[in-house]
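To keep things clear, I will list the structure first and then write my remarks on it.
The values are calculated or read from the model by the stated rules, or taken from the named source; none is laboratory data. Since the model is a prediction, treat every value here as computed from it, not as a measurement. For neighbour counting, all protein chains shown are included, and Cβ atoms are generated from backbone atoms with ideal geometry for every residue, glycine included. Please note that ligands, DNA and RNA were not included when accessible areas were found on the heavy atoms of the full protein model with its side chains. Shrake-Rupley method; radii C 1.70, N 1.55, O 1.52, S 1.80 Å.
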Amino acid sequence: MLKLSFKIVFIVFALNSFAQSPHGDGFKTDCATCHSSEDWKVNLKKMSFDHKTTRFELTGQHQIVDCKSCHTTLKFQEAKSECATCHTDIHQNTLGPDCAKCHNTKAWIITNTKTIHQLSRFPLLGNHAVADCSSCHKSASNYKYPPQGIECIDCHKSDYQATTSPNHQQSGYSTNCTECHGVKSVSWTASNFEHSFFPLTGGHGISCIECHKNGSYQKIPNDCASCHKKDYDTSTNPNHKTSGFSTSCAECHTTNPGWNPANFKQHDSQYFPIYSGKHKGEWNSCTECHTNNNYTAFSCTNCHEHSQSKMNGKHGDVNGYSYQSTACYSCHPQGDQSGSFNHSTTNFELKGAHIKADCLDCHTKGYSGTSMECNSCHQKNFTEAQTPSHTAAGISIDCKSCHTSSAWQPSSFKHSTTGYELTGGHSAVVQCSSCHKGNTTSAKTECISCHLIQYNKAKGHVASKFPTDCTLCHNSNNWLGATFNHNTTNFPLTGSHVSVDCISCHTAGYAGTSMECKSCHQVKYTAAQVPSHSAAGISVECKTCHTMTDWKPSTFNHTTTGFALTGGHAAVVQCSSCHKGNTTSAAPECITCHQVQYTNAKGHVTSKFPTDCKLCHNSNNWLGATFNHNTTNFPLTGSHVTVECASCHTTGYAGTSMECK
């Protein structure tokens, strides 16, 4: 055993004195991971080193490769993880340095070429999926795959130039084949150019060159006049140009061959019903109404002429109405002579009692610009209202705030919508002006704004500085039977506080009373001696240690501080023995209280023993000190068990290196 110990000490000494780690300064792996204390020789079957802990996990063929194949020197960190470090790039850097994009560690053979290609800039679809690689990659036989162009013309320029029906080059067709040919097609003949931006239906199903002049297939205007200006100019029945017709043919015509029949059905929905209603299409030409060749205006009276006196006789109540206008159909929407005006088409739909009102009741000055404000018709009703008096209370003149259009009574106003519901005695108030002095917006919800007289006359309220919030003690039913529930405050009364006289705490009034313990119990705090609260710096927040029921026993549990009082510590009476002046600065380290014992203990100072007493001692007594090295990060095994402590701890017991060297 002595001989073995000597060898270990000699090896450790030699490594520390004459040599550095052969694996380099940056190699931090513990020697014991690969080596044993018996011999430096590495046994691969017994070593605990796991290559997964490095940045290069060994999988596939890498698991059976000799370590020296990659680690050419003992400085393992110098080994690189790039594929090209060990494997010759036969693609000559045309596919990049990352072999793992296509290959795996099991074998070099690639079985998913198509899948890999789908992740590239050019996924293989249609005929491309079955084409030979060398069709595009000319140097594929040499394992070289330089970047290829992915535009159609890059591979199909000869196909483009050889076209004859039609000749793409002469016609200026796009070189982007996919505009007409699908990538999934098996031949060029399956051209399927989608003209969806301008559907070729009806008469538009013609040869391309009839619109694309001069063989140019670039974008051309798609408005009707760009192709049909001549048709528009030569029209005679009616003459579109002189009549001011729109040049947008689609407003009246369809794409059916032959311009007829023209059918302007939008006339009913957008302008005036001529296909439905009274007119029912019984007209021969647009010019019967549009007599001045102007299709932006017309007049009903062109056909429905009446003498001024006859019009006044039938429409005498329609003051200010212009009879020579196109507005007749405001009241005669279907051209019906009887007429029927729909008030819902205006901004003021007639509901309730308004339906039966005479038009002239509201339209006293004509039918245009009539006010929609309630007071324009109901000012008299507002002024004469007395229960409550609308003017005295400052109620809004906007009648719909409280009334409906069905009837004045009952009022639909709900006081609860204001945020102040009328309950109890408040609900019996008849006049709003009892609270609302002049208007309904300045009334306050505070009790004192109406009940200041009751407050001043109430016994003791002013002298005792009672709060002016009546709801704290009173309810809206009556003033008597006042009860104050202290639990509604931020300081519920519990324990001994329940029987305390109010004035004991509220010495300066009932507002802003301090809720801190010391505001009432400062005398008790100062007089406390076992322990002395002031000497130990105990908090003035009494509830930390005491309950509301009684001062004793104290409820403070020292274990809640993180330092339980056990053994000899439990016998300490005065907190100030450890807490010098306050309870927040006491440190849990043993040495803060036991410096004298440490200094006087044999060998502690000279041997630089740790100042953490509990490493060897317990709180019951100082004797019987024992240290268990297995509680550290370096358990003693083998020959280390019999080594003298000072052999390793040459500079003290803190920060001792655990490295073999």
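Some observations on this one:
- Exclusive hit being modelled with pLDDT under 75, small (Gly, Ala, Ser) and not in a loop (DSSP other than H, G, I, E, B), set SER226, SER269, SER196: SER269
- Only listed residue being more than 30 Å from SER639 (Cα to Cα), open to solvent by 100 Å² or more (accessible area, probe 1.4 Å), part of a helix (DSSP H, G or I) and free of Cβ contacts under 8 Å to residues at least 60 places away in the same chain, chosen from LYS80, LYS52: LYS52
- If the condition is being open to solvent by 70 Å² or more (accessible area, probe 1.4 Å), under 17 Å from SER532 (Cα atoms) and assigned to a loop (DSSP other than H, G, I, E, B), then segment 558-584 contributes VAL573, LYS580, THR584.
- Evaluation of CYS590 against (1) free of Cβ contacts under 8 Å to residues at least 24 places away in the same chain; (2) within 30 Å of CYS645 (Cα to Cα); (3) in contact with a helix residue (DSSP H, G or I) (Cβ under 8 Å, 6 or more places away or on another chain) (one fails), failing number: (1)
- Condition met for PRO123 (modelled with pLDDT under 85, in a loop (DSSP other than H, G, I, E, B) and not aliphatic (A, V, I, L, M)): no
- Scanning segment 494-507 for residues that are within 52 Å of the chain's Cα centre (by Cα) and open to solvent by less than 80 Å² (accessible area, probe 1.4 Å) yields THR494, GLY495, SER496, HIS497, CYS502, CYS505, HIS506.
- Segment 151-169, residues that are among the β-branched types (Val, Ile, Thr) and open to solvent by 90 Å² or more (accessible area, probe 1.4 Å): THR164
- Tally, over segment 90-101, of residues that are outside any helix (DSSP H, G or I) and open to solvent by 60 Å² or more (accessible area, probe 1.4 Å): 6
- Flag for ALA463 being in a loop (DSSP other than H, G, I, E, B), open to solvent by less than 50 Å² (accessible area, probe 1.4 Å) and modelled with pLDDT under 80: no
Matching residues to (1) open to solvent by less than 70 Å² (accessible area, probe 1.4 Å); (2) among the acidic types (Asp, Glu); (3) modelled with pLDDT of 80 or more; (4) not in a loop (DSSP other than H, G, I, E, B):
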position: LEU4; (1), (2), (3), (4): no, no, no, yes
position: VAL9; (1), (2), (3), (4): no, no, no, yes
position: VAL12; (1), (2), (3), (4): yes, no, no, yes
position: LEU15; (1), (2), (3), (4): yes, no, no, yes
position: GLN20; (1), (2), (3), (4): no, no, no, no
position: HIS23; (1), (2), (3), (4): yes, no, yes, no
position: GLY26; (1), (2), (3), (4): yes, no, no, no
position: SER37; (1), (2), (3), (4): no, no, no, no
position: LEU44; (1), (2), (3), (4): no, no, no, no
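- Matching residues in segment 59-69 - criterion: being within 20 Å of LYS41 (Cα to Cα) and either open to solvent by less than 60 Å² (accessible area, probe 1.4 Å) or in a helix (DSSP H, G or I) (or both): CYS67, LYS68, SER69
- Contacts under 8 angstrom Cβ, first residue in segment 487-499 being of a type outside the set (Lys, Arg), partner open to solvent by less than 60 Å² (accessible area, probe 1.4 Å) and part of a helix (DSSP H, G or I), 6 or more apart: PRO492/HIS486; LEU493/HIS486
So that you can scan it fast, the table gives a plain yes or no per residue for (1) open to solvent by 50 Å² or more (accessible area, probe 1.4 Å); (2) assigned to a loop (DSSP other than H, G, I, E, B); (3) at pLDDT 85 or above:
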position: MET372; (1), (2), (3): yes, yes, yes
position: CYS377; (1), (2), (3): yes, no, yes
position: THR383; (1), (2), (3): yes, no, yes
position: GLN409; (1), (2), (3): yes, yes, no
position: THR417; (1), (2), (3): yes, no, no
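- Any hit, segment 517-526, residues being among the basic types (Lys, Arg) and under 51 Å from the mean Cα position of the chain (by Cα): yes
- Meets criteria (in contact (Cβ under 8 Å) with a residue 12 or more places away in the chain and either among the basic types (Lys, Arg) or in a loop (DSSP other than H, G, I, E, B) (or both)) for SER607: yes
- Taking segment 201-220 as the range and being open to solvent by 90 Å² or more (accessible area, probe 1.4 Å) and either farther than 19 Å from THR163 by Cβ or at pLDDT 75 or above (or both) as the test, the residues that pass are GLU210, LYS213, LYS219.
- The lone exception for THR489 - which of (1) modelled with pLDDT under 80; (2) within 25 Å of ASP550 (Cα to Cα) it fails: (1)
- Some residue of segment 523-546 being within 30 Å of ALA463 (Cα to Cα) and without any contact (Cβ under 8 Å) to a residue 12 or more places away in the chain: yes
- Being at pLDDT 80 or above, exposed (fewer than 13 other Cβ atoms within 10 Å of the Cβ) and over 30 Å from HIS253 (Cβ atoms) is a property that LYS114 has.
- Residues in segment 234-265 that are assigned to a helix (DSSP H, G or I), farther than 16 Å from GLY203 by Cβ and open to solvent by less than 60 Å² (accessible area, probe 1.4 Å): HIS240, SER243.
- Residues of segment 518-537 that are in contact with a Phe, Trp or Tyr (Cβ under 8 Å, 6 or more places away or on another chain) and surrounded by 17 or more Cβ atoms within 10 Å (Cβ to Cβ): HIS533 alone.
- Pair list, Cβ < 8 Å and 6+ apart or interchain, from segment 463-480 residues that are in contact (Cβ under 8 Å) with a residue 24 or more places away in the chain and closer than 11 Å to TYR510 by Cβ to residues that are surrounded by 14 or more Cβ atoms within 10 Å (Cβ to Cβ) and hydroxyl-bearing (Ser, Thr, Tyr): SER464/TYR510; LYS465/TYR510; PHE466/TYR455; PHE466/TYR510; PRO467/TYR510
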